[in-house]
Amino acid sequence: MFDYMPEQASNWAYRVDWINNFITNVSVFFTVVITGVMIYYAWKYRKKNGKDHATPSITHDTTLETIWTVVPTIICIFVFYYGFVVYKESRELPSNSREILVDAYTWGWNFTHPNGKKANMELVLPVGESARFIMKSRDVLHSFFIPAMRIKEDVRPGAYSYVWFTPIKEGEFHIFCTEYCGT
């Protein structure tokens, strides 16, 4: 229905976008339906000619209660299952991936490629080749985030973390730290 995400540039992007759009579209659909029903009943049972009129006394409706319990539960189970499958795949590294060391520091990133070449704040990757990022922090908490690749991973001092993706598109894409990593 709607597409809210930036351009897709990695093998994960379409899957992340699909579930994000699914959740958003289902939320918009149910918000419109529920709000529409509320407005309808507010109009139907409004005060007419300055007088209140009797409304039926309904204690509960088992069918309605079952529907509003079962439908959201099924949607939640589906979203959890899809998210778990994608997460599990994102943690399984391909054997032929390029290994890049990432050193996070306040306001920046250093990258060391397999051939020993170092880059500061700039990452160049070949399209179609998987890249695995092994990350560590020199100082404070960081979070390695490339929106177009749909990857994000926290980087902590004293610990290594990793993330991987396969670029599918050429271009310039921003790398962010989504933690407040300064004073």
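Observations on the structure shown:
- Cα centroid of the range 1-49 to Cα centroid of the range 51-85, whole Å: 16
- Amide H contacts under 5 Å for Ile100, placed H, 5+ residues apart: Arg132, Phe133, Ile134
- Only Lys, Arg, Asp and Glu carry charge here, each on its Cβ (+1 for the first two, -1 for the last two); on that basis the range 1-69 has a dipole of about 580 debye about its Cα centre.
- Charge dipole (the range 20-81, unit charges on Cβ, about Cα centre) - positive-most of Pro72, Gly36, Asn21: Gly36
- Highest-fluctuation residue, Arg91, Arg132, Arg15 considered, GNM on the chain with Cα pairs under 10 Å: Arg91
- Accessible surface, the range 57-183, averaged per residue in Å² (probe 1.4 Å): 65
- Residues considered: Ser130, Ser143, Ser95. Largest GNM mean-square fluctuation over the chain, using C-alpha springs under 10 Å, is found at Ser95.
- Working from Cα pairs under 8 Å separated by at least six residues, relative contact order for the chain is 24 percent.
- Solvent-accessible area of the chain (1.4 angstrom probe, protein heavy atoms only): carbon and sulfur portion equals 61 percent.
- Additional length obtainable on full extension of the chain from Val26 to Tyr81, 0.36 nm per residue less Cα span: 18.2 nm
- Nearest-ten-degree value, helix 62-91 long axis tilted from longest Cα axis of the chain: 10
- The slack between Glu129 and Tyr45, meaning 0.36 nm per residue of separation minus the straight C-alpha distance, is 24.0 nm.
- Sites Met121 and Ile34, calculated FRET efficiency, Cβ-Cβ separation with R0 45 Å, nearest 0.05: 0.45
- Relative to its residue count, the chain spans a Cα convex hull of 201 Å³ per residue.
The values are calculated or read from the model by the stated rules, or taken from the named source; none is laboratory data. Quantities reported herein were computed from a predicted structural model and do not represent experimental measurements. Backbone-built Cβ (ideal geometry, glycine too); neighbour counts: all protein chains shown. The area values use the complete protein model at the heavy-atom level, side chains included, leaving out ligands, DNA and RNA. Shrake-Rupley method; radii C 1.70, N 1.55, O 1.52, S 1.80 Å.
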